[in-house]
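Enquirer: Handing you a structure now.
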Amino acid sequence: MHHIAKKIIGLTLLLGLLFSASSLAMPRTAYAQQETITVTASTVNVRMGPGLAYNTMAQLKKGDKITVIAHKNSWYQVRLGSDKIGWVASWLLKNTEISSATNTQGTINTANVAAKENPADDSDTLGTFQQNTAVTIIYENSGWSQVLFNQTVAWIKSAYITKKDASTTQQNTQLTVDSTIKSLTLHEDNVKLRTTPNIGGHIKATLKNKAQLTYLATSDDWYKVQTKDGKTGYVANWTVTPSASNKPVTTNANNLAEATIVLDPGHGGNDSGAVSQKNTYEKTYTMQFVKKIAAKLRQAGARVVLTRKTDKFVDLAPRPALAKKVHADAFISIHFDSSPKSNQASGTTTYYYGKSKDKPLATALNKQFSSLPLANRGVEFGNFLVLRDNKQPAVLLELGYINDSNDYQQIRSTSYQDKVANDIYKGLSQYFK
């Protein structure tokens, strides 16, 4: 299998769909309120929708600057050039506090306003806006405003839009109270406490990792909180771990029977993963192995949670999110590797991301794999989302090359699956001592 990071960004694009660096550059216009962010990965796929199951429509390169239009789960809707709208994975970009609340909102104040393809009266008309229709303004230039329109963008004359007063929008923030949450524990450093639930809110304080906050209310992707020194404000929900008690969230299992283990069978549903020479799918064997491992760990008294129980598609971001939700003591993602050509490579590899958080777990498990019938390629750093975004100790195991004839025979054999399950059990038993 190509590693997860490569699966996210490594799709080959037709030349006709590629945007040149110049076409991705932001035009020189007078921008409305928005967020411009910089791509940090070497390449980033732009997809038709907010998920890996959507087709790729373009590709960005490291250093490209893009404008965020909206935010959904772990995906950002972005503008490319003047008329292309797509979605990119937030974990590949620098700024993780983007919110669509930073865009200017408005209302059409005239009947039958033409939506133009370009900012000119003689440009093609894409449709019409009716009076009192709410619109999101991306940016403005020379008396024209670019707005969201039918999953893409259109231009209308700025005079036809009445902008909402930012102070009114702030007053209309909807707050709800989740009775199951009493406190929040920060799991990141330098988290900003803001006056309003969006990236544009004034920063009241910068908070430290593991600080505990009192929960007050929820506003979309933000929590209203109070610090120990009495400051109130908002923090992004992806920077904290909620708790039903007033105690800090910790994971401190001293033995396997006390531990919560999240097992992640890679791929699933329309994401088949790598393919063997027999045209069988990686997703099938990751599920088979996880069932064996889960049975062994449950027999030892561990609490085991699966990221998927059947052959269904699960996006990448919800997998580490589940580990956070259940306060997992260990997260293990199961995969099978694939070389560019059949029978080019063989063996198992254990990947970690954080040296202090993940590597001890990776080392404990990898020590047990030396007795497997496949070569042990050792412990390596892996920049995979399910590891990188995981706040719990996490590893990703490549348990053989599915397109190697010898490895494949082992992968599909019951004896090899049993040996892997037993080795993971022994590795975790040592890890929790």
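The values are calculated or read from the model by the stated rules, or taken from the named source; none is laboratory data. Here the structure is a predicted model, which is why all the values come from computation and not from measurement. Heads up, the Cβs are rebuilt from the backbone with ideal geometry, glycines too, and the neighbour counts pull from every protein chain shown. We work out accessible area using only protein heavy atoms, side chains counted, and drop any ligands, DNA or RNA first. Shrake-Rupley method; radii C 1.70, N 1.55, O 1.52, S 1.80 Å.
Enquirer: On the protein heavy atoms, probe 1.4 angstrom, tell me the percent of accessible surface of the stretch 227-337 carried by carbon and sulfur.
Expert: Within the stretch 227-337, the accessible surface is 48 percent carbon and sulfur.
Enquirer: Determine how large the accessible area of THR162 is when every protein chain is in place; take a 1.4 Å probe and give Å² rounded to the nearest 10.
Expert: Here the residue's solvent-accessible area equals roughly 70 Å².
Enquirer: Could you tell me which of the pairs LYS65/LYS312; LYS210/LYS433; LYS210/LYS312 are separated by over 29 angstrom between their Cα atoms in the structure shown?
Expert: Cα-Cα > 29 Å for LYS65/LYS312; LYS210/LYS312; rest within.
Enquirer: In whole Hz, what ³J(HN,Hα) sequence does the stretch 367-379 give by Karplus (6.51, -1.76, 1.60; θ = phi - 60°), x for Gly and Pro?
Expert: Each residue's phi maps through the Karplus curve to give 4, 7, 7, 5, 8, 6, x, 9, 4, 8, 7, x, 9 Hz.
Enquirer: Just list whichever of LYS296/LYS341; LYS182/LYS204; LYS61/LYS278; LYS224/LYS247; LYS283/LYS341 have alpha carbons separated by over 27 Å in the model shown.
Expert: Over 27 Å Cα-Cα: LYS296/LYS341; LYS61/LYS278.
Enquirer: Leaving out ligands, DNA and RNA but keeping every protein chain, what accessible area does ARG377 have, in Å² rounded to the nearest 10, with a 1.4 Å probe?
Expert: 110
Enquirer: Right, next: So how do 379-386, 177-184 stack up, highest first, on mean other-Cβ count within 10 Å?
Expert: Ranking, from highest mean packing down: 379-386, 177-184.
Enquirer: Find how much the distance from GLN430 to ASP122 grows on full extension, using 0.36 nm per residue of separation minus their present alpha carbon separation; answer in nm with one decimal.
Expert: 103.6 nm
Enquirer: Related question: Per residue, how much accessible surface does the stretch 303-433 expose to a 1.4 Å probe? Answer in Å², no decimals.
Expert: 40
Enquirer: Something else about it: Once amide H atoms are built 1.01 Å from N in the peptide plane, which residues 5 or more positions from ALA375, or in another chain, come under 5 Å H to H?
Expert: Here the answer is GLY347, THR348, since their amide H atoms fall under 5 Å of that of ALA375.
Enquirer: Grab the Cα-Cα distance for THR310 and LYS357, subtract it from 0.36 nm times how many residues apart they are, and report the gain in nm with one decimal.
Expert: Between THR310 and LYS357, full extension yields 14.0 nm more.
Enquirer: Taking amide H atoms as placed 1.01 Å from N in the peptide plane, list the residues 5 or more away in sequence, or in a different chain, whose amide H sits under 5 Å from that of SER183.
Expert: Here the answer is TYR215, SER243, SER245, since their amide H atoms fall under 5 Å of that of SER183.
Enquirer: Compute the accessible area per residue over the stretch 220-295, keeping the other protein chains in place, probe 1.4 Å, unit Å².
Expert: Value for the stretch 220-295: 45 Å² per residue.
Enquirer: Next up: What accessible surface, in Å², does a 1.4 Å probe find on PHE432, ignoring ligands, DNA and RNA and rounding to the nearest 10?
Expert: Roughly 10 Å² of PHE432 is accessible to a 1.4 Å probe.
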